[in-house]
Amino acid sequence: MKLETRLDTLSTTLCSALQALPAAAALCRFGSLAAGTGDQYSDIDLQIMTADLTLSMGVCYDILEHIGPIALVFPIMRTSTRWASTILFQNESYYHKVDLGFTVASSVTDAFDTLGTARNVLWEQSPPSLTKSTGAQASRHPYEPERGTLEHVVIDHLLGGVRYVKARKRGQALTCWRFASATANGLMKLLLQRTSPGQGLSSPLTTWEYVVLDRLSEPAEIEALLTVLDFSTPGRMDAAVSQLLTRLVAVAMTEPSSAGSAAACQAIRRLVAFIQRELGQT
């Protein structure tokens, strides 16, 4: 099935399924699809207006799992009135990640006076009540890395790798350079934290932190890193990103503080495999 068709089908299915969420009053779409500039690689950016965040979230995953098994829930925001995560489905292209948000609001106008970005209102309705068909809570919570953990950091960089691939497919060379540079900086941060705990927390690294990393690193390791950091052509940048992400995963997952759960390892392997396959680096 073509990517355009898969994207349209997933978007339509999500729009319909989310109407069953208890307390949900409206669904709006953001991003390139809302602005009319989307393509076959676009994300699906959705925001739900809800009268009761706890009630809506109680069955959210159950409803989404009827669309397909969830590979990953990547947390973005958690407050008493707003919730946002990136969601990947196992059987959908990782190009089509779903950025799903919830906002507690009595009306669409109240919510988007604050959010203030381009959107399409896909539906509005009287909020449905919780019913036996939806259940009181999700039957299974999909894998979700805890914010601030190494698993969360690694997956954040891998999602950046997917964005690199999208930019590559779109012929956006300088955007690719931006994501490649961010990946390199992420690896340097992990290397610095490995050799000097407590360092490497700024983003990007400061000059002083690079001086510390230079002093603590082995010459052979530095030479190997510099060899990888060749962004001079699109093809070399592809190889560099693939190698940087592989190294980043290896460094992070060997740290004692990394839980390295089976679910995390599976999510990470799938993301790495997708990126390498799409870049022709397998």
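The values are calculated or read from the model by the stated rules, or taken from the named source; none is laboratory data. Not measured: the values here are computed from a predicted model. Please note: Cβ atoms are built from the backbone with ideal geometry, for glycine as well, and neighbour counts cover all protein chains shown. Only protein heavy atoms, including side chains, enter the accessible area calculation; ligands, DNA and RNA are left aside. Shrake-Rupley method; radii C 1.70, N 1.55, O 1.52, S 1.80 Å.
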(request) Working carefully through the options 10, 27, find the one that is aliphatic (A, V, I, L, M) and part of a helix (DSSP H, G or I). (result) 10
(request) Evaluate the range 257-266: report whether one residue or more is outside any loop (DSSP other than H, G, I, E, B) and in contact with a Leu (Cβ under 6 Å, 6 or more places away or on another chain). (result) no
(request) Scan the range 228-243 and report the pairs whose first residue is under 17 Å from residue 158 (Cβ atoms) and whose second residue is assigned to a helix (DSSP H, G or I) and of a type in the set (Val, Ile, Thr), with Cβ atoms within less than 7 Å and a gap of 6+ or a chain change. (result) 240/228; 241/183; 242/275; 243/228
(request) Identify all residues within the range 172-182 that are out of contact with any Lys or Arg (no Cβ under 6 Å at 6 or more places or on another chain) and either at pLDDT below 95 or open to solvent by 10 Å² or more (accessible area, probe 1.4 Å) (or both); write none if there are none. (result) 172, 173, 174, 175, 177, 178, 181, 182
(message) Only one of 267, 273 is open to solvent by less than 40 Å² (accessible area, probe 1.4 Å), at pLDDT 90 or above and not basic (Lys, Arg). Can you tell me which?
(response) 267
(request) Please indicate, with yes or no, whether at least one residue in the range 107-123 is at pLDDT 90 or above and not hydrophobic (A, V, I, L, M, F, W, C). (result) no
(message) So in the range 16-27, with the set limited to residues that are of a type in the set (A, V, I, L, M, F, W, C) and either open to solvent by 70 Å² or more (accessible area, probe 1.4 Å) or at pLDDT 95 or above (or both), which one is farthest from residue 104 (Cα to Cα)?
(response) 17
(request) Quickly run through the range 48-66 and pick out the residues that are within 22 Å of residue 121 (Cα to Cα), among the small types (Gly, Ala, Ser) and assigned to a helix (DSSP H, G or I). (result) 56
(request) Read through the list (1) in contact with a His (Cβ under 8 Å, 6 or more places away or on another chain); (2) modelled with pLDDT of 95 or more, then give the number of the only condition that residue 244 fails. (result) (1)
(request) Determine, yes or no, whether residue 1 is among the aliphatic types (A, V, I, L, M), closer than 23 Å to residue 149 by Cβ and surrounded by fewer than 18 Cβ atoms within 10 Å (Cβ to Cβ). (result) no
(message) If residue 99 satisfies all but one of (1) crowded, with 18+ Cβ neighbours inside 10 Å; (2) at pLDDT 90 or above; (3) under 17 Å from residue 15 (Cβ atoms), what's the number of the condition it fails?
(response) (1)
(request) Quick one: which residue in 233, 183, 254, 175 is of a type in the set (S, T, N, Q) and touching a Leu at 6+ places or on another chain (Cβ under 6 Å)? (result) 183
(request) Being touching a strand residue (DSSP E or B) at 6+ places or on another chain (Cβ under 8 Å), open to solvent by less than 30 Å² (accessible area, probe 1.4 Å) and either over 23 Å from residue 159 (Cβ atoms) or of a type in the set (Phe, Trp, Tyr) (or both) is the filter here, so list the residues in the range 28-62 that pass it. (result) 30, 49, 50, 53, 56, 61
